[in-house]
Amino acid sequence: MNRYLKNLNRIEFVVTMACTGKCKHCSQGDHTGCADSIDKNVAAEAVGKIAAEYSITSVMTFGGEPLLYPETVCAIHKTATQMNIPKRQLITNGYFSKDKEKIGLVAGKLKECGVNDVLLSVDAFHQEVIPLEYAELFAEAVMAEGISLKVQPAWLVSSDNDNAYNVRTREILRQFREMGIEENEGNVIFPAGNALKYLGEYFDSEKEYINPYRENPADIRAICLSANGDILGDNIYEKNISEILSGYAPK
């Protein structure tokens, strides 16, 4: 076991950078020209190999909008289920189809493949570009399948700041509470990409912002596979995942 990965317990997949929203708070930018999607078989194989070597307790799929590729999401979580990884999480904006029947079918597939924790991204920013009705339809379909569901808001400045965006986010969250859906604590928007471009006035230019998702390179707890296969300075299309993990060293 690689000593720099001895505490590795989580695998994350950026299924695709393609997205149904062009949100102004997105740290990744506007997602134009982002049609890549990780190969479902390669991704599923990676889960199996990593879980065979390390004590993985959580697998997460996100994007972009991961449910533009539901077969890939399901392949990843099916393998995670087979490897007895207890937490199998999906983060989605819920907007991948306007067809109620298809939304229901996808929710059923999520249940079947073993997804047991869904975080639905809803807030003032997502709902500027994503019709709330489709997020609600997806939420209803997920609840009907008995999958754990919470909404995951993005907060500007802080969760208790009373700027207009946060006020609108709280209104949206109340609508989901009326459906019986509680919210996760969510995340505070990081100044990068679109967030810096469109919301720069809300950030302190004198302050150093630390990315909360940044890993300690000498003690990796979570690894993230990009839509193009990049991981830890290598690429799973060019090198076996086991070789990548065993050969990793912080630079």
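Throughout, read-outs are computed from the coordinates displayed, never taken from laboratory work. Here the structure is a predicted model, which means the values were calculated and not measured. Methodologically, a virtual Cβ is constructed for each residue, glycine included, from the backbone with ideal geometry; neighbour enumeration extends over all protein chains shown.
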Worksheet item: Mind listing which GluC sites (Glu not before Pro) in the range 160-251 are in a DSSP loop and have 12 or fewer other Cβ atoms within 10 Å?
Response: Glu182, Glu185, Glu206, Glu208, Glu238
Worksheet item: Given the pairs Lys22/Lys207; Lys40/Lys207; Lys49/Lys109; Lys109/Lys251; Lys6/Lys197; Lys24/Lys239, which span a C-alpha to C-alpha distance of over 31 angstrom in this model?
Response: Lys40/Lys207; Lys109/Lys251; Lys6/Lys197; Lys24/Lys239
Fill in: Calculated FRET efficiency for the pair Glu206/Ser58, C-beta based, R₀ 41 Å, to 0.05
0.70
Worksheet entry | the range 41-114: trypsin sites (Lys or Arg not before Pro) falling in loop per DSSP and having at most 16 other Cβ within 10 Å | Lys98
Practice prompt. Estimate the FRET efficiency between Asp39 and Met179 by the formula 1/(1 + (r/R0)^6), using the beta-carbon distance for r and 41 Å for R0, to the nearest 0.05.
Written response: 0.70
Item to complete: Please figure out what share of the DSSP beta bridges in the chain is antiparallel and state it in percent, rounded to the nearest 5.
Response: 10 percent
Discussion item. Compute a Gaussian network model of the chain, connecting alpha carbons closer than 10 Å, and tell me which residue from Leu68, Leu196, Leu120 fluctuates the most.
Written reply: Leu196
Fill in: Computed helical MRE - 222 nm, the chain, DSSP H runs ≥ 4 contributing -39500 (n - 2.57), nearest 500
-10500 deg cm²/dmol
Item to complete: Calculate the dipole size of the chain relative to its Cα centre from +1 charges on Lys and Arg beta carbons and -1 charges on Asp and Glu beta carbons; express the result in debye to the nearest 20.
Response: 500 debye
Worksheet item: Gaussian network model of the chain, Cα springs within a sub-10 Å range: biggest mean-square fluctuation belongs to which of Asp39, Asp117, Asp99?
Response: Asp99
Worksheet item: Among Ser159, Ser205, Ser97, which one moves the most in a GNM of the chain with springs linking Cα atoms closer than 10 Å?
Response: Ser205
Worksheet item: Between Asn9 and Ser242, what is the label-to-label distance in nm when each label sits 7 Å out along the Cα-to-Cβ direction?
Response: 2.5 nm
Fill in: Relative contact order %, the range 3-247, counting alpha carbon pairs below 8 Å whose residues are six or more apart
27 percent
Item to complete: Would you mind counting up the charge near Ala44? Only other residues with Cβ under 12 Å from its Cβ, with Lys and Arg at +1 and Asp and Glu at -1.
Response: 0
Item to complete: Would you mind computing Rg(Cα) / (2.2 N^0.38 Å) for the range 51-184, counting N as its residues?
Response: 1.08
